[in-house]
Amino acid sequence: MTRAAREVLTVISNGEHRPGIVIYGIRSPRKDVPPGATELWPDAERCSTFLLHGDGWEVPMWEIALRRWPAPGDFDAALSGTFTALFSEGCVLAWVGAELFADPPDLFLPEFMSGGVLVAATPDQSFGRLDLDSAVEPIGDDQLLQLRELSHGLAAAGG
């Protein structure tokens, strides 16, 4: 039996698995970490922000641990709002990651990240859907390659 997303999506908070997700964006280097997203996630127990970076790229990362999952409409609004916040911080695309992540120049290459993106968006386009009450279905490898193209060369930076 396949388990619903709300049952399998977790992050570690205070040494325990908690409901939660990890959201990434990619942008040209700015050297600042976007502010947390706790106002967008009222049931957040913790919103940790990180900045991954390399030659010619930055990936702001938000790890959001939740006390409980929001209602479906509230979840969609919080996720959309978080993506919009990342776009306002200069990101050209944003995504919810599974456990697979590869730094550029390997970002979004299927051989490194197949199954590693659950849902993604640019300011103008979205890829996949994350429904908390359905099984997790990562976006396909063809869509990963589309994201790579839409990254304005950032996914291949440093290569």
Within the stretch 16-34, how many residues turn out to be of a type in the set (Ser, Thr, Tyr) and part of a strand (DSSP E or B)? 1
I need the full set of residues from the stretch 98-115 which are at pLDDT 95 or above, under 18 Å from Trp62 (Cα atoms) and surrounded by fewer than 21 Cβ atoms within 10 Å (Cβ to Cβ), in order please. none
Is it the case that Trp62 is in a strand (DSSP E or B), among the aromatic types (Phe, Trp, Tyr), out of contact with any Leu (no Cβ under 6 Å at 6 or more places or on another chain) and without any contact (Cβ under 8 Å) to a residue 60 or more places away in the chain? yes
Residue satisfying all of: in the stretch 35-50; touching a Gly at 6+ places or on another chain (Cβ under 9 Å) and under 17 Å from Gly90 (Cβ atoms); modelled with the lowest pLDDT among these: Ala37
Number of positions in the stretch 119-133 that are part of a loop (DSSP other than H, G, I, E, B), in contact (Cβ under 8 Å) with a residue 24 or more places away in the chain and more than 18 Å from Gly20 (Cβ to Cβ): 3
Residue list for the stretch 13-31, restricted to those being on the phi < 0 side of the Ramachandran plot and without any contact (Cβ under 8 Å) to a residue 12 or more places away in the chain: Glu16, His17
Go through the stretch 85-118 residue by residue and tally those that are assigned to a helix (DSSP H, G or I) and without any contact (Cβ under 8 Å) to a residue 24 or more places away in the chain. 3
Return the only residue of Ser126, Ser151 being over 12 Å from Ile26 (Cα atoms), within 15 Å of the chain's Cα centre (by Cα) and modelled with pLDDT of 95 or more. Ser126
Residue check for Leu144: free of Cβ contacts under 8 Å to residues at least 40 places away in the same chain, within 25 Å of Ser28 (Cβ to Cβ), in a loop (DSSP other than H, G, I, E, B) and of a type outside the set (Gly, Ala, Ser): no
Looking at Thr84, Thr10, Thr2, which is the one that is out of contact with any Cys (no Cβ under 7 Å at 6 or more places or on another chain) and loosely packed, with under 14 Cβ neighbours inside 10 Å? Thr2
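The values are calculated or read from the model by the stated rules, or taken from the named source; none is laboratory data. Since we're looking at a predicted model, the values are computed, not measured. In this analysis, Cβ positions are derived from the backbone assuming ideal geometry, glycine residues included, and neighbour counts consider all displayed protein chains.
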